[in-house]
Amino acid sequence: MSNPVLVEVTRGNLVESRHRGAVVAVDGEGHTVFSLGDTDAVIFPRSACKAMQALPLVESGAADAYGFGAKALALACSSHSGEPEHVALAVEMLAAAERDVGALECGAHWSSDQKTLIAQARSLEAPSALHNNCSGKHAGFVCTCCHSGTEVSGYIGYDHPIQRQIRGVMADLTGAIFARDNCGVDGCSIPTYAVPLKALAHGFAKMATGFGLEPERARASKRLIDACMAEPFYVAGTKRACTRLMKTAPGRIFAKTGAEGVFCAAIPEKGIAIALKCEDGTTRAAEAMVAATLARFFADEPEIRAALMAQANHAMSNWNGMHVGDVRVTEAFAI
């Protein structure tokens with residue numbers, strides 16, 4: 001099945017680039033309520049599934065034992081920009097378990113926020129693992145291991161107990177298979193698994209609604225989703241799409257990006273969740289796609305719908321501030 005063109009990028013009066021993709025929105029029972037493209041295709045969720053990977057932190061009792069509030073839980077689900085607040089909170093999370101940056105196995109990179117990056121370049125010889133966009137997730141892994149008495153070293157490995165636990169959690173949520181045959185290595189070095197796009201959406205719909213989940217998992221899922229919606233800055237950062245989308249309808253939209261053009265989202269009050277993949281892996285297209293998909297579920301709230309569509313369709317300027325073109329979703333998203 002060929003995926004349709006869902007996003008176009010113009011320059012002048014011409015279309016310069018076209019992005020194909022697939023989108024699916026499902027309810028808690030797994031019924032499709034909207035779809036475009038091949039929604040049965042397997043994709044690597046990458047960082048879009050971090051809220052699923054954070055469930056052991058809550059279910060093990062570690063989050064309560066270490067006194068983690070909404071900010072820390074949001075950071076555990078995040079792909080943050082490495083801004084000072086993100087780094088400081090990751091330090092606090094590790095300190096709660098009497099650990100430090102040396103326990104992190106995610107690798108190091110500079111901040112993705114330009115202002116922060118310039119300050120880091122002026123003050124640091126090199127970034128640390130705390131600046132890695134996944135340091136909050138990894139701090140959650142470390143804390144879960146410490147609380148349960150599991151050896152921390154090697155926690156990124158396929159056979160480590162926490163990775164086995166995560167496989168079980170994600171299999172329960174999505175109904176998909178998680179094994180070596182569909183396993184790759186993520187940018188932060190933990191295993192990542194290729195799963196059907198619709199299964200990924202269903203997993204988030206179950207988290208958002210609690211439908212089909214054991215009570216403890218339903219409560220933990222709600223707690224993580226609510227934390228992300230309450231603290232969107234700690235899920236991403238300044239001027240980031242996840243943060244911006246969640247601020248558009250505070251406490252009502254959950255959104256989480258993943259590498260290579262993946263995005264997941266949920267509207268808990270409406271009982272639906274969304275998963276999408278831009279076929280060529282372009283982030284700008286995935287961000288437009290998720291905003292347009294969310295907008296269709298706010299058709300009866302014109303202000304929110306307009307704000308979301310303004311994120312789906314927006315102008316592009318060059319370094320002199322001249323309007324040079326637009327990013328726009330295609331008629332495939334028309335209601």
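The values are calculated or read from the model by the stated rules, or taken from the named source; none is laboratory data. Keep in mind that this is a model prediction, so the values were computed, not measured. So basically every Cβ, Gly included, is an ideal-geometry build from the backbone, and we count neighbours across all protein chains shown. Ligands, DNA and RNA are stripped out before the accessible areas are found, and what is left, the full protein with its side chains, is counted by its heavy atoms. Shrake-Rupley method; radii C 1.70, N 1.55, O 1.52, S 1.80 Å.
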Handout entry: Members of segment 304-335 found to be at pLDDT 95 or above and part of a loop (DSSP other than H, G, I, E, B), listed by number
Key = ASN313, ASN318, TRP319, ASN320, GLY321, MET322, THR330
Handout entry: Failed criterion for GLY37 (all others in (1) within 16 Å of the chain's Cα centre (by Cα); (2) within 30 Å of GLY281 (Cβ to Cβ) hold)
Key = (1)
Practice task
State whether one or more residues within segment 279-297 are small (Gly, Ala, Ser), closer than 30 Å to ARG219 by Cβ and open to solvent by 10 Å² or more (accessible area, probe 1.4 Å).
Solution key: no
Problem - Index of the failed condition, GLU269 passing every other in (1) closer than 21 Å to PHE44 by Cα; (2) part of a helix (DSSP H, G or I); (3) open to solvent by 10 Å² or more (accessible area, probe 1.4 Å) - result: (1)
Problem - Neighbours by Cβ (under 7 Å, 6+ apart or cross-chain): first from segment 203-231, under 17 Å from GLY30 (Cβ atoms) and without any contact (Cβ under 8 Å) to a residue 60 or more places away in the chain; second open to solvent by 10 Å² or more (accessible area, probe 1.4 Å) and of a type in the set (Lys, Arg) - result: LEU213/LYS206
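Within segment 154-177, take every residue that is assigned to a loop (DSSP other than H, G, I, E, B) and farther than 14 Å from ILE190 by Cβ and give me the one that is most open to solvent (accessible area, probe 1.4 Å).
To start, the set of residues in segment 154-177 that are assigned to a loop (DSSP other than H, G, I, E, B) comprises 154-160, 175-177.
Subset that is farther than 14 Å from ILE190 by Cβ: 175-177.
Numbers: GLY175: 67, ALA176: 18, ILE177: 130 Å².
The qualifying residue most open to solvent (accessible area, probe 1.4 Å) is ILE177.
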Handout entry: Any helices (runs of 4 or more DSSP H) falling wholly within segment 44-147 and containing at least 3 residues that are crowded, with 19+ Cβ neighbours inside 10 Å and in contact (Cβ under 8 Å) with a residue 24 or more places away in the chain
Key = 50-53, 55-59, 70-76, 84-96
Exercise for the section: Filter segment 1-14 down to the residues that are open to solvent by less than 40 Å² (accessible area, probe 1.4 Å) and in contact with an Asp or Glu (Cβ under 6 Å, 6 or more places away or on another chain), then identify the one that is nearest to THR282 (Cα to Cα). Expected result: VAL9
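With the condition kept exactly as written, say whether any residue in segment 312-332 is among the polar types (S, T, N, Q), in contact (Cβ under 8 Å) with a residue 24 or more places away in the chain and out of contact with any strand residue (DSSP E or B) (no Cβ under 7 Å at 6 or more places or on another chain).
no
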Exercise for the section: Name, by its number, the condition in (1) in contact (Cβ under 8 Å) with a residue 24 or more places away in the chain; (2) open to solvent by 40 Å² or more (accessible area, probe 1.4 Å); (3) farther than 15 Å from MET246 by Cβ that does not hold for ARG305. Expected result: (1)
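For the structure I just gave you, tell me whether TYR158 is under 27 Å from GLY61 (Cβ atoms), among the aromatic types (Phe, Trp, Tyr), in contact (Cβ under 8 Å) with a residue 60 or more places away in the chain and in contact with a strand residue (DSSP E or B) (Cβ under 9 Å, 6 or more places away or on another chain).
Working: under 27 Å from GLY61 (Cβ atoms): yes; among the aromatic types (Phe, Trp, Tyr): yes; in contact (Cβ under 8 Å) with a residue 60 or more places away in the chain: no; in contact with a strand residue (DSSP E or B) (Cβ under 9 Å, 6 or more places away or on another chain): yes.
No: the conditions fail for TYR158.
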Problem - Selection count where residues are touching a Phe, Trp or Tyr at 6+ places or on another chain (Cβ under 9 Å) and among the polar types (S, T, N, Q), scope segment 91-123 - result: 2
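Condition check ((1) under 15 Å from the mean Cα position of the chain (by Cα); (2) in contact (Cβ under 8 Å) with a residue 60 or more places away in the chain) across all residues:
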{"site": "GLY251", "(1), (2)": "no, no"}
{"site": "ALA259", "(1), (2)": "yes, yes"}
{"site": "VAL262", "(1), (2)": "yes, yes"}
{"site": "ILE267", "(1), (2)": "yes, no"}
{"site": "ALA273", "(1), (2)": "yes, yes"}
{"site": "LEU276", "(1), (2)": "yes, yes"}
{"site": "ASP280", "(1), (2)": "no, yes"}
{"site": "ALA285", "(1), (2)": "no, yes"}
{"site": "MET289", "(1), (2)": "yes, yes"}
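When you look at SER35, is it under 30 Å from SER2 (Cα atoms) and of a type outside the set (A, V, I, L, M, F, W, C), yes or no? Explain how you work it out, then say what you get.
Details: under 30 Å from SER2 (Cα atoms): yes; of a type outside the set (A, V, I, L, M, F, W, C): yes.
So SER35 passes the test.
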